[in-house]
Amino acid sequence: MNLLHIDSSIQGDASLSRAMSAAVVSRLRALHPDATVTYRDLAEHPLPHMTLPGFATPEAQAVLEEFVAADVVVIGVPMYNFTISSQLKAWLDHIAIAGKTFRYTEQGPVGLAGDKRVILALSRGGFYSEGPAASMEHAETYLRAILGFMGITAPELVLAEGAALGPEQREAALAGGLEAANRIEPTRAETVA
Ligand SMILES: Cc1cc2nc3c(=O)[nH]c(=O)nc-3n(C[C@H](O)[C@H](O)[C@H](O)COP(=O)(O)O)c2cc1C
């Protein structure tokens, strides 16, 4: 099993999404001792913004091939300014490639990456699951849209919410996220058609 582990938080050791993505990967490693793990830190080593010549560089090809080769992708997702980090967006711009991860047909776009299991370890400062801020959530909703476009219609979510609302809420959010990480199933739940 090829496991690709992506982090994108700028907050280093204080990051909740990093703590949760690491917990998910360590759980999967324990469940699948044969797993090969590739790690990419998008905050430490940012990818360039998208340009047309940039699609053809050896680095861009390597990023795309790394994603295509992955069976399982674990992504640490911080919410910044109501959406994903620009570093994570740059990575998505490298992997959303026609003919590789989706293709256009006369019936519309078809995702080509639907065989991958994707787990999102997402941390956000406020509460968006319900309540007045729900319509301002553009991280999880955006990821569900673009992953779905590539055929990944049921990403799994490990969530910490309310991380910026004080030390107690932060601890509770992290504890909940880590608990969810430790409940990750050995294999992806079959989706019902
Ligand atoms: C630059 C920056 C922007 C942020 N913007 C938001 C935001 O728009 N909404 C929110 O709920 N929390 C926001 N937060 C709080 C983060 O979502 C929270 O710190 C979360 O834990 C980020 O994930 P990380 O700990 O992995 O970096 C922001 C934090 C930073 C540092």
Q) For segment 78-134, how many residues are open to solvent by less than 20 Å² (accessible area, probe 1.4 Å) and of a type in the set (Ser, Thr, Tyr)? A) 3
Q.
If I filter segment 82-119 down to residues being aliphatic (A, V, I, L, M) and under 13 Å from the mean Cα position of the chain (by Cα), which single residue comes out as farthest from the ligand (Cβ to nearest atom)?
A. Ile95
Q | Residues satisfying the stated conditions in segment 59-76, i.e. more than 16 Å from the ligand (Cβ to nearest atom), of a type outside the set (A, V, I, L, M) and open to solvent by less than 10 Å² (accessible area, probe 1.4 Å) | A | Phe67
Q. In segment 3-15, which residues are within 13 Å of the ligand (Cβ to nearest atom), outside any loop (DSSP other than H, G, I, E, B) and open to solvent by less than 10 Å² (accessible area, probe 1.4 Å)?
A. Ile6, Asp7
Q. Any chance segment 146-155 includes a residue that's at pLDDT 95 or above and open to solvent by 80 Å² or more (accessible area, probe 1.4 Å)?
A. yes
Q. Can we say Ala154 is part of a loop (DSSP other than H, G, I, E, B), within 8 Å of the ligand (Cβ to nearest atom) and under 27 Å from Val72 (Cα atoms)?
A. no
Q: Kindly list the number of the only condition in (1) in contact (Cβ under 8 Å) with a residue 12 or more places away in the chain; (2) aliphatic (A, V, I, L, M); (3) away from the ligand (no atom under 16 Å from the Cβ) that fails for Met79.
A: (3)
Q: Inspect all residues belonging to segment 20-43 and state whether any of them is more than 17 Å from Asp71 (Cα to Cα), in a strand (DSSP E or B) and within 16 Å of the ligand (Cβ to nearest atom).
A: yes
Q.
I'd like to check something: does segment 161-175 contain any residue that is modelled with pLDDT of 95 or more and within 17 Å of His5 (Cα to Cα)?
A. no
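The values are calculated or read from the model by the stated rules, or taken from the named source; none is laboratory data. If you're wondering where the values come from, they're calculated on a predicted model, not measured in any experiment. Positions of Cβ are generated from backbone atoms using ideal geometry, with glycine treated the same way; all protein chains shown enter the neighbour counts. Accessible surface is based on the protein model in full, side chains and every heavy atom, while ligands, DNA and RNA are left aside. Shrake-Rupley method; radii C 1.70, N 1.55, O 1.52, S 1.80 Å.
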